[in-house]
Amino acid sequence: MNRNALITGVTGQDGAYLAKLLLDKGYKVHGLVARRSSDTSWRLRELGIAGDIEFIEGDLADACSIQRALIKSKPDEVYNLGAQSFVGTSWDQPVTTGIVDGLGVTHMLEAIRQFSPDSRFYQASTSEMFGLIQAERQDENTPFYPRSPYGVAKLYGHWITVNYRESFGLHASSGILFNHESPLRGIEFVTRKVTDAVARIKLGKQKELRLGNIDAKRDWGFAGDYVEAMWLMLQQDKADDYVVATGVTTTVRDMCKLAFEHVGLDYEDHVVVDPQFFRPAEVDILLGNPGKAQRQLGWKAKTSLVELIQMMVDADLRRVGKE
Ligand code: NAP
Ligand code: G4F
């Protein structure tokens with residue numbers, strides 16, 4: 001295929017799965033990596049692709065480094081997945097979140113506009129922008145009402161993507177992705193916090209699991225399915241915005257139940273609700289309508305929540321067992 005891609009956030013959950021997908025399709029994959037004091041490539045190593053990526057140092061907060069990355073990689077496709085992506089942290093670091101998740105998108109779009117206007121651009125938008133939901137099932141026409149500094153910053157990133165498409169004719173698409181998880185999910189997110197704890201409790205290394213609002217509902221899918229939707233968006237003749245979701249919503253409580261049941265345990269014997277994990281403002285329920293992605297991209301979620309949670313618990317049992 002001989003195509004070049006640049007992925008920001010290549011060391012994250014989605015970056016790792018997307019890099020694997022593109023490498024398997026024959027792309028040369030460049031990955032932007034921010035300077036950290038220790039190695040962050042564990043996900044790429046788990047997928048066996050760490051040696052196949054051309055790493056470029058850079059930070060979304062630093063416009064010069066983004067320009068250099070564009071000039072160096074000469075990408076046909078750019079996937080902007082880099083972000084401070086944990087909602088809880090966004091109340092503790094609202095400015096960093098705004099700079100990286102909001103203005104960082106402008107750094108990407110400006111660099112494309114100036115140095116690589118034919119590159120196709122994908123922006124990692126989020127269902128968190130729907131926040132206090134304005135429709136029972138959220139789609140591309142549902143008004144936004146973000147409930148966290150993260151959601152607010154991402155909304156800026158979303159609209160600046162739409163604006164650069166409309167102002168300068170860039171092929172810039174925004175994927176409004178609902179929660180997606182995997183064995184490569186960060187440990188701070190609730191699904192992985194649960195599956196890791198289930199493994200530890202089953203293997204006698206932990207007794208209880210402390211959680212916040214277990215009545216919150218999310219539309220959870222598998223990250224491996226969702227990166228295919230990102231790629232499909234950039235293969236369309238016309239750039240556009242798409243909701244990517246399963247169309248099923250489940251409480252944190254029922255997700256826990258599934259995870260504990262998979263190893264023959266009852267979640268009620270182990271889960272403790274702890275106010276320290278409640279958020280200053282909550283997104284109570286998310287439920288996506290992926291009809292447009294299905295019709296126009298031919299995309300549909302393939303993995304059920306039961307399959308996803310079992311996959312994650314099994315991976316954590318293997319990891320914890322080796323410790
Ligand atoms: P993730 O695992 O937290 O990965 C985030 C990535 O961004 C990491 O590679 C991180 O690098 C990088 N990053 C952080 N700050 C950066 C900076 N200043 N400059 C450059 N890179 C930086 O997130 P994810 O779950 O893969 O999500 C990917 C994207 O989709 C994010 O933009 C997220 O907000 C969005 N999103 C995610 C979901 C979901 O459910 N997963 C849903 C909707 C939208 P380090 O490894 O060095 O920290
Ligand atoms: O797993 P979470 O932290 O994900 P959240 O906040 O929905 O954000 C994720 O999905 C967004 C898409 O909608 C992405 F944009 C974002 O980057 C991220 O990937 O929390 C899910 C729910 C929340 O309602 C939270 O309050 O679980 C609830 N929860 C209950 N106890 C908890 C906990 N969340 C965490 N992280 N830890 C708990 O102990």
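A short reminder: the numbers here are calculations on the coordinates, not readings from a lab. Please read these numbers as outputs of a predicted model, since none were measured by experiment. Neighbour counts are summed over all protein chains in view; Cβ atoms, including those assigned to glycine, are modelled from backbone coordinates with ideal geometry.
So how much slack lies between V263 and E140, counting 0.36 nm per residue of separation and subtracting their Cα-Cα distance, in nm?
Result for the pair: 40.4 nm of gain on full extension.
Starting from the Kirkwood Rh over alpha-carbon pairs, what translational D in µm² s⁻¹ does segment 184-323 have by Stokes-Einstein at 10 °C and 1.306 mPa s?
Numbers: Rh = 16.4 Å.
Taking Rh from Cα pairs, D becomes 97 µm²/s.
Looking at T250, F55, S65, which one has the Cα that reaches farthest to the positive end of the dipole of the chain (charges on Cβ: Lys, Arg +1; Asp, Glu -1)?
So the residue furthest toward the plus end is F55.
So if each residue of separation counts as 0.36 nm, and I subtract the Cα-Cα distance between E54 and K205, what length gain in nm does that give?
Details: separation 151, 0.36 × 151 = 54.36 nm, distance 3.89 nm.
Full extension of this stretch gives 50.5 nm more.
Fewest to most neighbouring Cβ within 10 Å: what's the order for H158, H180?
Working: H158 23, H180 27.
In increasing order of surrounding Cβ atoms, one gets H158, H180.
Whole angstrom only: what separates the Cα centroid of segment 188-206 from the Cα centroid of segment 215-258?
Using only Cα atoms to place each centre, the spacing works out to 23 Å.
Kirkwood Rh over Cα pairs of the chain into Stokes-Einstein at 4 °C, 1.567 mPa s: D in µm²/s?
It comes out at roughly 65 µm²/s.
If you take the C-alpha gyration tensor of segment 13-152, multiply each eigenvalue by 5 and take the square root, what semi-axes do you get, largest first, in whole Å? Working shown, then result.
On the way: eigenvalues 140, 62, 58 Å².
Output for segment 13-152: semi-axes of 26, 18, 17 Å.
Kirkwood hydrodynamic radius of segment 95-163 from all distinct Cα pairs, in Å?
Taking the inverse mean of 1/r over all distinct Cα pairs, segment 95-163 comes out at 12.7 Å.
Evaluate the relative contact order of the chain (contact order divided by residue number), counting alpha-carbon pairs under 8 angstrom at least 6 apart; express in whole percent.
Rounded, it is 17 percent for the chain.
Using the alpha carbon gyration tensor of segment 153-226, what are the three equivalent-ellipsoid semi-axes (square root of 5 times each eigenvalue), largest first, in whole Å?
Ellipsoid semi-axes (Å, largest first): 37, 13, 9.
What is the packing order of peptides 105-111, 204-210, taking the mean over residues of other C-beta atoms within 10 Å and listing the highest first?
Sorting 105-111, 204-210 by mean packing, highest first, produces 105-111, 204-210.
Structure shown: which of K154/K322; K238/K302; K25/K257; K154/K193; K217/K292; K25/K322 lie over 27 Å apart, alpha-carbon to alpha-carbon? Before the final figure, lay out the partial values.
Values: K154/K322 38 Å; K238/K302 25 Å; K25/K257 38 Å; K154/K193 24 Å; K217/K292 22 Å; K25/K322 33 Å.
In this structure, K154/K322; K25/K257; K25/K322 exceed 27 Å between Cα atoms.
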